[in-house]
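Report on one structure; see the data block that follows.
Each reported figure results from applying straightforward, stated rules to the coordinates on display, with no laboratory input. Note that the structure is a prediction, hence the values are computed from the model and not measured. Heads up, the Cβs are rebuilt from the backbone with ideal geometry, glycines too, and the neighbour counts pull from every protein chain shown.
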Amino acid sequence: MSGNVIRPDGLRTGDRAIIVSSSSTIADRKDVAERARTNLESALGLRIDFADNAFAQDYYSAGTTEERLHDLATSFADPEIRAVFFSTGGATAVDLVDRLDYETIAANPKILAGLSDSSTLLNAVTAKTGMVTFHGFELMDFSGHEMVYTARSLKQVWFDKWSDDYHPNPDWRDLEGDRTTYKGWREIKPGRAAGTAVGGNSEAFMQLVGTEYCPPLDGAILFLEAYRLQKRHIQALLATLKLKGVPDSIHGLIIGYCLGSDTPGAGNDRDIADIILETTSDHTFPVIQVGEIGHQVENFILPIGAPIEIDTRSLSLSLLDPAVC
């Protein structure tokens, strides 16, 4: 990661933002995306547009690699645009990682936010430029849900230059009613640790580990969530991270919401805490489970590249410094 941490400017009412599709196409969800855009504009007081190729399609992707790169490059080069929001997840954001114009991004820092597969790009941008990026924004959730908790977090982090303790969502639920055994924040391994926030979707993050596009893991607080992985797949993923030496470097681990991992069958009745304890048995760093990180739930906004602290005894997670200027 670049030696200097770059914090983008915060937002003000009336600022302009743009929606870019970096992974799956949303061509078949135009009405949903437009409704989400309108609701987000109302919630944040921003002027939000779609990028030129936001509704493009190339098979399963949101346009060709060139079209997606074009939208990101022009968004960062445009001085009128203050924030770039990814529209949705998918599987092909990795196409862009080694072709992004990181010099232009670093020279024009602005809020870059997403969730799911777009966390591939969030981490890569932080790794290559030092710019803080923002995990926890899922545009489509704003189409059919009020998103009060997430909107409050967006305003705090981006508008109010907030740094303090995060708090659980008192109205936490799976937005689509999927089965879950999650019951709230809990300690999995005891301790207190501070470090730089790194992570996101587990499969997306795994693509970057061991490459120049992964932020430094030495002293990091790693946060991971999973999308429709069974418990055996989560165990395999954590075991793979162990083989790659990740647990030897990090200071702490946050396990987010693992959507679909409690689906009946295939050993999914195993407690995820048991999996964590087994795969990290050689390490003493603290581990906490937090349900406001992940798919199909209201997220708080967690800045990648910013200092955070976890304390499992008090079940606390804190942003230590403002993530915007």
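Using 0.36 nm per residue of separation minus the Cα-Cα distance, give me the extension gain between LYS30 and THR64 in nm, one decimal.
Details: separation 34, 0.36 × 34 = 12.24 nm, distance 1.83 nm.
That works out to 10.4 nm of additional length.
Given a cut-off of under 8 Å on Cα pairs at least six residues apart, what relative contact order in percent is computed for the chain? Walk me through the intermediate numbers first.
Details: 791 pairs, mean separation 70.2, N = 325.
It rounds to 22 percent for the chain.
Over the chain, with a Gaussian network built from C-alpha contacts below 10 Å, which listed residue (VAL132, VAL297, VAL148) shows the highest mean-square fluctuation?
It is VAL148.
Between ASP78, ASP262, ASP101, where does the largest GNM mean-square fluctuation fall for the chain, given springs only between Cα atoms within less than 10 Å?
Its mean-square fluctuation being the largest, the pick is ASP78.
Treating only the Cβ of Lys, Arg, Asp and Glu as charged (+1, +1, -1, -1), what charge dipole size does the chain show about its Cα centre? Round to the nearest 20 debye. Walk me through the numbers on the way to the answer.
On the way: 29 positive and 46 negative charges, 94 e Å.
Approximately 460 debye in magnitude.
Expressed in nm to one decimal, what extension gain is obtained for the pair ALA194 and SER281 from 0.36 nm per residue of sequence separation less their Cα-Cα distance?
Working: separation 87, 0.36 × 87 = 31.32 nm, distance 2.04 nm.
Going from the current span to full extension adds 29.3 nm.
Can you bin segment 148-210 into rounded, prolate or oblate? Criterion: square roots of the alpha carbon gyration tensor eigenvalues sorted a ≥ b ≥ c, rounded for a/c under 1.5, prolate for a/b above b/c, oblate for the rest.
Verdict is rounded for segment 148-210.
Could you identify which residue out of SER314, SER153, SER119 has the top mean-square fluctuation in a GNM of the chain using Cα springs shorter than 10 Å?
Ranking SER314, SER153, SER119 by mean-square fluctuation puts SER314 first.
Multiply the residue gap between ALA107 and ASP248 by 0.36 nm, knock off their C-alpha separation, and tell me the result in nm, one decimal place. Mind showing how you got there, number by number?
Numbers: separation 141, 0.36 × 141 = 50.76 nm, distance 3.36 nm.
Stretched fully, the ALA107-ASP248 segment lengthens by 47.4 nm.
How large is the helix-only mean residue ellipticity at 222 nm for the chain, computed as the sum of -39500 (n - 2.57) over DSSP H runs with n ≥ 4, divided by its residue count, in deg cm²/dmol to the nearest 500? Could the numbers behind the result be given before it?
Working: 9 runs with 82 residues, N = 325.
So the helix-based figure for the chain works out to -7000 deg cm²/dmol.
For segment 154-271, just say rounded, prolate or oblate: build the C-alpha gyration tensor, square-root its eigenvalues into a ≥ b ≥ c, call rounded for a/c under 1.5, and beyond that prolate if a/b exceeds b/c, oblate if not.
On the way: a/c = 1.71, a/b = 1.06, b/c = 1.61.
Oblate, because a/c is 1.5 or more while a/b does not exceed b/c.
Where in segment 269-303 is the amide nitrogen less than 11 Å from a point lying 7 Å along the Cα-to-Cβ axis of THR181?
What the label zone holds, given the 11 Å backbone N cut-off, is 269-275.
Just to confirm the number: angle between the C-alpha axis of helix 30-44 and the first principal axis of the chain, 0 to 90 degrees, nearest 10?
Compared with the principal axis, the helix lies near 80 degrees.
Quick one: helix 65-77 against the long Cα principal axis of the chain, what's the angle to the nearest 10°, folded into 0 to 90?
80 degrees
Based on the Cβ-Cβ distance from ASP321 to THR38, what FRET efficiency comes out when R0 is 45 Å, to the nearest 0.05? Intermediate results must be reported in sequence, preceding the final value.
On the way: r = 33 Å, r/R0 = 0.74.
Here the calculated transfer efficiency is 0.85.
Under 29 Å between alpha carbons, and skipping anything fewer than 8 positions from LYS242 in its own chain: which lysines qualify?
Straight-distance partners of LYS242: LYS128, LYS183, LYS189, LYS231.
Using the basic label-point model (7 angstrom from Cα toward the beta carbon), what is the LYS155 to ASP52 distance in nanometres?
3.6 nm
Say R0 is 56 Å: what FRET efficiency, to the nearest 0.05, do ARG228 and THR13 get from their beta-carbon distance?
Step by step, r from the Cβ atoms, then E = 0.90.
Give the dimensionless ratio obtained when the Cα radius of gyration of the chain is divided by 2.2 N^0.38 Å. Don't skip to the answer; put the middle values down first.
Working: Rg = 18.3 Å, N = 325, 2.2 N^0.38 = 19.8 Å.
With N residues counted in the chain, Rg over 2.2 N^0.38 Å equals 0.92.
Hey, what angle do you get for helix 231-243 against the long axis of the chain, alpha-carbon based, 0 to 90 degrees rounded to 10?
90 degrees
Regarding segment 9-132, what whole-number volume in Å³ per residue does the convex hull of its Cα atoms give? List each step's numbers first, then the result.
Values: hull volume 11.0 nm³, N = 124.
It is 89 Å³ per residue.
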